[in-house]
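The structure appears below as structure tokens.
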Amino acid sequence: MFHNTGAPASGPMRALAWCLPVAAWLVYGPLGAKYAAWMLATTLAGVAVHRSARGWRGLLNPASALLLAFSGWMGMSAAWSPADWTLIGTHAWMYALPLSTLVIAAACTPQLAMRTLAQFVWASAAVGGLWFLHARGLLPDWKVLGSTINASGNQRIASSLLLALGAGLALWLSSGKQVTPIQRAAFAIAAVLAVAGLTAQDRRTGMVLLPLLLLAWAVSAPRSWVTKGVLVTAVVAAAAGAWLGSDTVRARFAEGRAELQAYTPEGAVASSWGQRARMLEQTVQMVQEQPLRGHGLGSWEVLWTERMQPGTRLSGNTTPHNDYLLVAAQGGLSAALLLLAWLLALLVRAWRAGPMGVPALMAWLTLASIALANAALRDAKFALPLLLLAGVASALIPRSDSASSVPR
């Protein structure tokens, strides 16, 4: 990867230094804004990497090799897919998006990465504060909040998990040794606002994710086992306090538990978690039919339509809400293993990086865990913001080739 060596800033790097902090706010914006920010950042980063001394060779490492193998295998599976080429092309595009993280991480300097993550924290604090006000009926029904407070479906879930990630990063920034007391207090307040919004909204995703992120941070940091134990206890106590103190949190999980208890494998299903259970059952059957090579890129929708009665509530689904099963159904268990190996390599690398690897650990853990309950790579509402932030966070991990640099 590449780092600053004091060379004059190039045009692409100056533009990237402006683009990424703005993009950190746009992750909460409409899908079109997410796409525009991601595409501009990736393009500028690509130009900067291309002009560097090492060029594209600097992107090669074990994790990137696994990602290239995964993307290549999914692309090859189009040869035996029953889907039409429009559907195949859409899937091929989405599974190529993770390649952008390599380019962004290579071009982004640690200083720019810190500034971008700080902007994301401020954006999370703003959205969390607005959600807190909305839950108490103190916020007007503004159309500008259509992608956050008034969003529905996966867009609303995406905001929930981004709030959790924003809260975790705010706490990490507040604990930095080089921050001033004012900055420490500001980041701590930002974390409180993000958590306040998280507990006020009606999605379970971020509520489960935040304790997981904080536990990973507490255990991965180079501290004594006594300190780690205290931190883990504090995280568990805070999670228990949120559970006991928020009627919304308890109600949402009780609703999910009741839906699963009422679910039966046969007959119509209307509940949210019941639908997820039905999709997982059917997708496992798809994997069992073609365990090695899968049914091909874009095939899940075709197979799902064949299994569902037209016009029912379930017939319109386009993913099984689980990335690992979706990949296994379309590319076989080999593709699913490549995906898992890539994510595991990224998590291990961030874990071993020490304090500066924490943001990448949180970002990749968010993507890896959310993929269990949603098609995070297949749905741009999740993929674009998470891949952008993961690429930026990965730029903080020290590189062995620190003498190299993108022209700045």
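Every number here is computed from the coordinates shown, using simple stated rules; none is lab data. The structure presented is a predicted model; accordingly, all values stated were derived computationally and were not measured. In this analysis, Cβ positions are derived from the backbone assuming ideal geometry, glycine residues included, and neighbour counts consider all displayed protein chains.
Fewest to most neighbouring Cβ within 10 Å: what's the order for CYS19, CYS108?
Values: CYS19 21, CYS108 30.
Lowest count first: CYS19, CYS108.
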**Prompt:** When a footprinting reagent is the concern and you count Cβ atoms within 10 Å, what order do LYS34, LYS143 take, fewest first?
**Reply:** LYS143, LYS34
**Asked** Given the Cα-Cα distance of ARG352 and GLN111 and 0.36 nm per residue of separation, how much length would full extension add, in nm?
**Response** 84.7 nm
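Based only on other Cβ atoms within 10 Å, what is the fewest-to-most ordering of TYR28, TYR324?
Numbers: TYR28 26, TYR324 21.
In order of increasing Cβ crowding within 10 Å: TYR324, TYR28.
What percent do you get for the relative contact order of the stretch 37-175 when only Cα pairs under 8 Å and 6+ apart count?
Values: 66 pairs, mean separation 35.2, N = 139.
For the stretch 37-175, the relative contact order is 25 percent.
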**Item:** Pair LEU340, LEU133: separation of 7 Å Cα→Cβ label points (nm)
**Value:** 4.6 nm
**Prompt:** For the pair THR90 and LYS177, what calculated FRET efficiency results from E = 1/(1 + (r/R0)^6), where r is the Cβ-Cβ distance and R0 = 41 Å, to the nearest 0.05?
**Reply:** 0.35
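Quote to one decimal, in nm, the extra length available between ARG184 and GLN288 on full extension: 0.36 nm per residue of separation minus the C-alpha distance between them.
On the way: separation 104, 0.36 × 104 = 37.44 nm, distance 5.21 nm.
Computed gain between ARG184 and GLN288 is 32.2 nm.
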